[in-house]
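Note sheet for the following structure.
The values are calculated or read from the model by the stated rules, or taken from the named source; none is laboratory data. In this text, all values refer to a predicted model and were calculated from it rather than measured experimentally. All Cβ positions, even for glycine, are placed from backbone atoms using ideal geometry, and neighbour counts span all protein chains on display. For accessibility, only protein heavy atoms count, side chains too; no ligands or nucleic acids. Shrake-Rupley method; radii C 1.70, N 1.55, O 1.52, S 1.80 Å.
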Amino acid sequence: MDPREQTEHRPGATAEPDASRGARSGPAFAHASEAEFARILEFYQVAWEYEPHVFPILWDLDGNLLESFAPDFFLPELELFVELTTLQQRLVRKKNRKVRRLRELYPDLRIKLFYARDFRALMLKYGRSALVSELSGTLGQVMPHPDEDGSPDSEGRLEGLDRLGGPSGGADRGKSGLDGEQQPHYERRSRGARRRAVRRAAAAAAHTPATT
Amino acid sequence: MRVSEDLVSDVAEVLLSEEQIAAKVAELGKRISDDYAGRELTLVSVLKGSLPFMADLMRRITLPLRIDLMEVSSYGGTSTESSGLVRILKDLSAPIDGRDVLLVEDIIDTGLTLNYLIRYLKGKNPNSIKVCSLLDKPARRLVEIPLDYVGFEIPDAFVVGYGLDFGEVYRNLRFVGVLRPEAYES
């Protein structure tokens with residue numbers, strides 16, 4: 001059966017939006033660039049939701065969910081999903097593939113990929129060029145917790161984080177401004193966000209029959 | 001930020017020459033004159049970037065019209081402090097209810113400012129609101145707003161001149177050019 005018949009998704013209509021994570025409520029951002037992007041949207045009074053929907057995008061032959069994708073932002077007034085890709089090139093390719101898959105399965109859905117260069121240009125436009133190095137790439141990422149399961153989350157973030165050398169961080173960590181006492185705070189919130197994403201993906205999979 | 005004494009030397013490439021801009025402005029002025037004949041036109045310039053464009057465009061429109069100026073605050077938040085909300089720094093000086101408003105912009109990229117302005121101006125009950133932008137950078141668009149009059153669609157590069165600035169500099173260049181990376185990376 002055509003998976004699109006099973007998983008048709010209208011933006012803002014389903015997939016259990018989490019009211020506690022709406023605009024201005026301080027959601028758990030996985031990346032500093034996402035927090036900055038949210039501030040920009042707030043500034044221009046554009047309503048946003050952070051990772052409110054998880055879309056199943058790949059199943060095995062038995063119908064078990066193999067992969068899902070949670071775009072970073074949903075702008076309900078504009079009916080637009082936005083995905084920030086400020087990580088390494090390898091992760092950008094992975095996200096490009098996920099977005100292509102998302103567009104195949106949910107052709108009515110509008111999603112905008114915001115690449116590192118787009119983010120950089122935005123910062124430049126607002127005179128925040130000095131922030132670029134702090135907010136983009138690996139330096140802007142949240143550290144994973146050592147007892148986390150090793151599986152990549154819906155964004156593949158753990159892959160990138162692993163390359164930093166685990167919770168003690170790599171050589172670049174000292175430049176990030178996330179060292180020291182700030183880290184545990186981000187870790188806790190990041191784990192919670194990932195758990196919610198996994199629960200939502202599992203719930204979505206439970207309602208999605210096999211696609212062959 | 002390092003600015004050369006000779007502003008032109010900070011420009012890597014002239015994207016739109018003075019002559020190209022003048023020709024396009026004349027063309028836009030003619031189209032607007034045709035489209036708004038017999039109507040109550042108000043041109044609203046969004047400061048500061050659109051000032052040269054506004055000055056040239058209004059003189060290429062052959063209809064009786066009013067002009068007005070608006071300025072809105074620009075985002076400047078940091079990762080550690082709240083930047084608040086966009087504010088109207090300079091509001092219209094005359095009512096626009098019942099009038100046909102043409103917003104004059106220098107460049108539309110994300111569309112965030114324009115989206116805010118249109119929502120704000122709609123609350124003042126104009127007969128219509130349309131948008132005229134000299135430059136359109138669609139690659140950066142977040143908010144899809146129909147642009148009724150566009151001078152040039154430009155590539156994804158940081159441009160300055162003819163009103164467009166970087167750190168409030170370069171607005172007085174008579175052309176639109178691509179800024180050298182060294183000028184904003186230093």
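The table below gives the values:
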read-out: Criterion: within 20 Å of the chain's Cα centre (by Cα) and of a type outside the set (F, W, Y) - qualifying residue of B:G84, B:G38, B:G49; value: B:G49
read-out: Strands (runs of 3 or more DSSP E) contained entirely in the range B:86-172, each with at least 2 residues that are over 30 Å from B:R39 (Cα atoms); value: none
read-out: Number of the exception - B:E5 against (1) part of a loop (DSSP other than H, G, I, E, B); (2) charged (D, E, K, R); (3) in contact with a Lys or Arg (Cβ under 6 Å, 6 or more places away or on another chain); value: (3)
read-out: Hey, B:G111 within 11 Å of chain A (Cβ to nearest Cβ), buried (at least 17 other Cβ atoms within 10 Å of the Cβ) and of a type in the set (G, A, S) or not; value: yes
read-out: Boolean, B:S79 is among the hydroxyl-bearing types (S, T, Y), in contact with a Leu (Cβ under 8 Å, 6 or more places away or on another chain) and modelled with pLDDT under 95; value: yes
read-out: Subset tally (residues that are away from chain A (no Cβ under 14 Å) and of a type in the set (K, R)) for the range B:123-180; value: 4
read-out: Test result for A:F74, in contact with a Pro (Cβ under 7 Å, 6 or more places away or on another chain) and either modelled with pLDDT under 95 or not aliphatic (A, V, I, L, M) (or both); value: yes
read-out: Among (1) open to solvent by 10 Å² or more (accessible area, probe 1.4 Å); (2) under 30 Å from B:V86 (Cα atoms), the one test that A:R90 misses; value: (2)
read-out: The lone exception for A:L58 - which of (1) open to solvent by less than 50 Å² (accessible area, probe 1.4 Å); (2) part of a strand (DSSP E or B) it fails; value: (1)
read-out: Criterion: of a type outside the set (K, R), over 24 Å from B:L57 (Cα atoms) and surrounded by fewer than 18 Cβ atoms within 10 Å (Cβ to Cβ) - qualifying residue of B:E182, B:E168; value: B:E182
read-out: Selected residue (only one of B:G111, B:G123 is at pLDDT 95 or above and not polar (S, T, N, Q)); value: B:G123
read-out: Qualifying residue in the range A:41-52 (condition: free of Cβ contacts under 8 Å to residues at least 24 places away in the same chain, part of a loop (DSSP other than H, G, I, E, B) and within 30 Å of B:R180 (Cα to Cα)); value: yes
read-out: Pairs, first under 17 Å from B:I154 (Cβ atoms) in the range B:13-42, second modelled with pLDDT of 95 or more and open to solvent by 90 Å² or more (accessible area, probe 1.4 Å), C-beta under 6 Å, six or more apart; value: B:E18/B:R174; B:V25/B:R60
